[in-house]
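The structure under discussion appears below in the form of structure tokens.
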There are 2 protein chains.
Amino acid sequence: MNSVGIVNTQFYTIEENIKLESGVEFSPITVAYETYGTLNKNADNAILIIHALTGDAHAAGYKSEDDKKAGWWDALIGPNKPFDTNKYFVVCTNIFGGCSGTTGPSSINPNTGKPYGISFPVFTIEDTIKIQKKVLDYLGVKSLYSVAGGSMGGMQAMQFSITYPEFVKSAILIATTSKLSPQAIAFNAVGRNSIISDPAWNNGDYYDKEIKPDRGLSIARMIGHITYLCEEAMYNKFGRRLQNKEHYDFNFDIDFQVESYLKHQGQIFVDRFDANSYLYITKAVDYFDLENKYGSLENAFKMTKSKFLVISFDTDWLFPSSQAKEIVNTLMRLNKDVSYCEIKSPCGHDAFLLEYDVQSKIIGSFLNNHIKGDNNG
Amino acid sequence: MNSVGIVNTQFYTIEENIKLESGVEFSPITVAYETYGTLNKNADNAILIIHALTGDAHAAGYKSEDDKKAGWWDALIGPNKPFDTNKYFVVCTNIFGGCSGTTGPSSINPNTGKPYGISFPVFTIEDTIKIQKKVLDYLGVKSLYSVAGGSMGGMQAMQFSITYPEFVKSAILIATTSKLSPQAIAFNAVGRNSIISDPAWNNGDYYDKEIKPDRGLSIARMIGHITYLCEEAMYNKFGRRLQNKEHYDFNFDIDFQVESYLKHQGQIFVDRFDANSYLYITKAVDYFDLENKYGSLENAFKMTKSKFLVISFDTDWLFPSSQAKEIVNTLMRLNKDVSYCEIKSPCGHDAFLLEYDVQSKIIGSFLNNHIKGDNNG
């Protein structure tokens with residue numbers, strides 16, 4: 001059995017004001033988190049796993065005996081897995097502004113007794129990692145053996161290594177970028193427009209309403225899913241195959257399998273995600289721009305002391321390999337310790353949640369060599 | 001002066017029933033069309049220009065003395081231009097199902113006195129060209145010297161050469177494909193979902209309502225515009241530049257120029273286009289699949305007698321060059337007379353409406369050689 005078994009999501013509340021990058025001071029913040037494995041005596045075997053856009057703290061294991069669905073990165077986290085819980089103390093938190101246990105726009109504002117809605121402050125990727133750092137402090141973690149994430153999680157891992165250079169020993173950046181392309185911003189912007197233009201959004205105040213902005217949110221999710229796949233994945237999964245029919249319907253029902261897939265993804269998403277959280281988190285992602293924030297990518301990474309593992313996927317057109325290579329080249333120019341691997345995959349951006357065999361080997365080997373390196377040092 | 005000058009859109013009504021590919025028989029159909037130049041005695045100097053997804057019959061010239069905006073392909077149509085109105089009788093019609101003068105879902109159903117809405121029949125690309133053929137017959141055209149179009153217009157041009165092999169002497173296929181990829185279907189499907197899930201769509205019955213499905217339609221248009229540009233165009237036009245500000249706003253207003261552009265495109269679109277027409281026309285585009293319709297692309301083109309000019313743009317990722325090359329390779333295998341040019345452009349799919357210098361030369365030369373060929377023949 002190489003599962004972490006049954007896990008309970010835990011909660012920690014930061015009572016003191018946190019100054020956000022916008023200048024707003026905000027409290028209290030409850031953070032949902034899970035841990036797997038045990039913190040060692042030196043408190044230096046912790047690995048922080050960071051989820052992507054719509055993920056949560058439940059990265060590994062099961063929620064109950066009957067639970068059939070393991071955490072979102074269970075393939076990589078557990079005894080004898082790359083993030084080996086026999087060796088490491090693995091932590092995963094739900095993002096600030098999210099809707100899976102951590103304080104976000106759907107949480108009750110203690111000052112009003114009502115959900116924050118869009119009175120919730122707009123935040124940045126750096127804000128989200130400062131809040132995660134508070135949780136690690138609370139858990140007694142003295143340094144991070146590694147911080148790892150895919151997509152938006154990779155942005156946060158990068159930012160962690162920059163904001164806390166002494167604290168972070170290594171960072172694993174998967175399918176990520178130091179800044180979104182205008183095209184990626186465009187997709188996020190249309191998704192947000194779809195939510196905001198849904199009459200049920202009601203300026204973010206819909207939590208006690210019967211009709212929620214599910215229509216807008218599901219369109220946003222459908223757009224997202226197109227960008228997570230790639231042409232090759234689309235051909236492999238659907239091609240131009242029709243959905244449960246031999247001939248065109250000549251009406252506006254679903255004709256093609258790809259339509260059915262997207263519609264389904266949109267429909268199931270609204271049951272687990274909050275439209276306002278989608279607005280806030282995509283905005284944080286759009287704002288992320290290390291070059292602009294630090295003057296240059298060199299400046300951004302100059303002070304880091306982490307070892308880096310950068311992984312990209314050749315068919316990822318949302319955060320393409322060229323963007324990963326920019327990070328890698330910058331780190332190399334700065335004489336940082338960086339390993340890079342472009343994985344061939346037919347899965348597009350989604351690959352970081354699918355291509356486990358290769359990722360396991362690369363990540364496992366990186367973390368092991370890392371130990372060796374430390375022993376030598 | 002190389003303009004066709006002031007033109008009036010004209011109308012022709014097909015009274016007899018047209019049997020559509022769905023099996024539905026439909027009449028009457030009024031078609032909006034414009035003509036430039038004069039039909040010669042042999043009635044064999046006509047060129048049919050076919051518009052793309054949201055175009056109209058106004059391909060060249062001006063609507064009045066004060067009109068500042070020329071027709072959508074004015075750069076290519078006029079005296080001494082590639083589609084030389086001194087030589088050719090140029091015809092352009094608005095597509096069946098459209099909303100710029102030709103009968104479509106917003107037209108009044110004479111049997112009910114109310115707009116068709118979604119009682120309008122779902123149609124195919126072949127249906128649209130059969131209707132255009134009726135207009136050409138009415139105008140006395142005996143054969144088409146050429147039929148030309150970009151994007152969906154190219155699909156129709158292709159279909160014209162297949163359905164009427166004796167009638168079509170040459171076909172100019174620009175930025176087009178013999179079938180949409182699943183990704184392109186996906187974008188159309190999300191656009192349609194956006195319209196249909198807009199409460200104001202009201203099952204297509206909104207013409208007498210105060211609020212129309214503008215929100216859904218504008219989201220659909222924004223999605224479309226992302227696919228018409230390419231990464232390079234996005235970087236050139238917008239980069240990550242902010243819109244009229246130096247710093248992030250930390251709210252949900254527009255931050256980036258690309259957001260502003262898309263929002264504007266969405267907003268102006270709803271003033272000129274009908275949401276139901278968008279549903280019908282994108283459906284026709286999704287259904288277009290020559291391989292499936294004829295068993296193979298070879299079978300589709302086997303009977304054609306046209307010369308072909310195929311143009312693609314290297315940065316077009318909606319209908320990429322690889323799809324154009326499939327058409328070209330098929331035509332070559334069939335020993336058809338085909339010229340192919342991949343134009344380097346930073347403009348993506350939009351290039352067929354922007355890159356006029358190169359297109360002018362290629363199209364002009366193709367049409368001239370074509371004459372020469374005919375004289376020799």
- Query: Could you give me the ³J(HN,Hα) list for the range A:248-255, computed from phi with Karplus coefficients 6.51, -1.76, 1.60 and θ = phi - 60°, whole Hz, x at Gly and Pro?
  - Reply: 4, 7, 6, 8, 9, 6, 6, 9
- Message: If the reach is capped at under 17 angstrom between alpha carbons, list the aspartates and glutamates near A:LYS87, excluding any in the same chain fewer than eight residues apart.
- Response: A:GLU34, A:ASP44, A:ASP74, A:ASP374
- Message: Taking R0 as 25 Å, what FRET efficiency do you get between B:ILE211 and B:ASN109 from their Cβ-Cβ distance, rounded to the nearest 0.05?
- Response: 0.65
- Within the protein assembly as shown, the percent of DSSP beta bridges that are antiparallel, given to the nearest 5, stands at 35
- Message: If I model a spin label as a point 7 Å beyond the Cα along the Cα-Cβ vector, how far apart are those points for A:ASP249 and A:SER27 in nm?
- Response: 5.5
- Message: I'd like the distance separating the alpha-carbon centroids of the range A:35-92 and the range B:199-231, in whole Å.
- Response: 43
- Message: Could you work out how much longer the chain between B:ASP67 and B:ASN236 gets when fully extended? Use 0.36 nm per residue separation minus the Cα distance between them, nm to one decimal.
- Response: 57.8 nm
- Task: Using the 2.2 N^0.38 Å rule of thumb for compact globular proteins, work out how the protein assembly as shown stacks up: its C-alpha Rg over that value, please.
- Result: 1.06
- Query: Taking a label point 7 Å from Cα toward Cβ, how far is A:SER296 from its twins in the other copies, in nm, shortest first?
  - Reply: 5.8
- Within the set of other residues whose C-beta is less than 15 Å from the C-beta of B:TYR138, count the net charge using Lys and Arg as +1 and Asp and Glu as -1. 0
- Query: Remind me, what semi-axes does the range B:184-282 give for its equivalent ellipsoid, largest first in whole Å, using sqrt of 5 times each Cα gyration tensor eigenvalue?
  - Reply: 28, 16, 10
- Task: With a/c under 1.5 counting as rounded, go ahead and sort the range A:90-229 into rounded, prolate or oblate using the C-alpha gyration tensor (a ≥ b ≥ c being the square roots of the eigenvalues; past the cut-off, prolate if a/b is larger than b/c, else oblate).
- Result: oblate
- Query: Cα atoms only, the range B:37-82: Rg and Dmax in Å?
  - Reply: 12.3, 36
- Task: Mind jotting down the distance between the C-alpha centroids of the range A:244-302 and the range B:176-194, whole Å?
- Result: 16
- Message: Translational diffusion coefficient of chain B at 25 °C, 0.890 mPa s, Stokes-Einstein with Kirkwood Rh over Cα pairs, in µm²/s as a whole number.
- Response: 115
- Note on the structure: Restricting to Cα pairs under 8 Å and 6 or more apart, the percent relative contact order of chain B works out to 17
- Relative contact order as a percentage, the range A:184-282, C-alpha pairs under 8 Å and 6+ apart, gives 31
- Report, ordered by chain and residue number, the lysines lying within cross-link reach of B:LYS302, taken as a straight Cα distance under 23 Å and ignoring same-chain residues fewer than 8 apart. B:LYS130, B:LYS133, B:LYS142, B:LYS169, B:LYS179, B:LYS293, B:LYS325, B:LYS336
- Note on the structure: In nanometres, the difference between 0.36 nm per residue of separation and the alpha-carbon distance of B:GLU15 and B:SER360 is 120.4 nm
- Task: Between A:ASN292 and B:LEU334, with labels modelled 7 Å along Cα→Cβ, what's the label distance in nm to one decimal, could you check?
- Result: 5.0
- Divide the volume of the convex hull of the Cα atoms of the range B:301-359 by its number of residues and quote the answer in cubic angstrom per residue. 80
- Item | Position B:ASN111, label points 7 Å along Cα→Cβ, spacing to each other copy in nm (shortest first, one decimal) | 6.3
- Cα-Cα over 26 Å, subset of B:LYS134/B:LYS212; B:LYS19/B:LYS307; A:LYS41/A:LYS305; B:LYS307/B:LYS361: B:LYS134/B:LYS212; B:LYS19/B:LYS307
- Message: Need the list of lysines near A:LYS209 for cross-linking: C-alpha distance under 17 angstrom, and skip anything on the same chain fewer than eight residues off.
- Response: A:LYS114
- Using just the C-alpha positions of the range A:1-77 as equal point scatterers, what log10 of I(q)/I(0) does the Debye formula give at each q in 0.12, 0.25 1/Å? -0.46, -1.20
- Would you kindly work out the equivalent ellipsoid of the range B:90-151 from its C-alpha gyration tensor and give its semi-axes, the square roots of five times the eigenvalues, largest first in whole Å? 25, 13, 10
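What is the range A:89-226's relative contact order, in percent, from Cα pairs under 8 angstrom and six or more apart in sequence?
Taking the mean separation of contacting Cα pairs over the length of the range A:89-226, I get 16 percent.
Based on the Cβ-Cβ distance from A:ALA43 to A:GLN265, what FRET efficiency comes out when R0 is 35 Å, to the nearest 0.05?
E(calc), rounded to 0.05, equals 0.30.
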- Query: What are the distances, in nm and sorted shortest first, from the label point of B:LEU354 to the label points of the same position in each other copy, with each label point placed 7 Å from Cα along the Cα-to-Cβ direction?
  - Reply: 3.1
- Item | R0 of 45 Å, Cβ-Cβ distance A:ASN80-B:GLU342: FRET efficiency to nearest 0.05 | 0.30
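Just so you know, all these numbers are worked out from the coordinates, no wet-lab data involved. For clarity, every value in this text was computed on a predicted model and none was experimentally measured. Cβ atoms come from the backbone with ideal geometry, glycine included; neighbour counts cover every protein chain shown.
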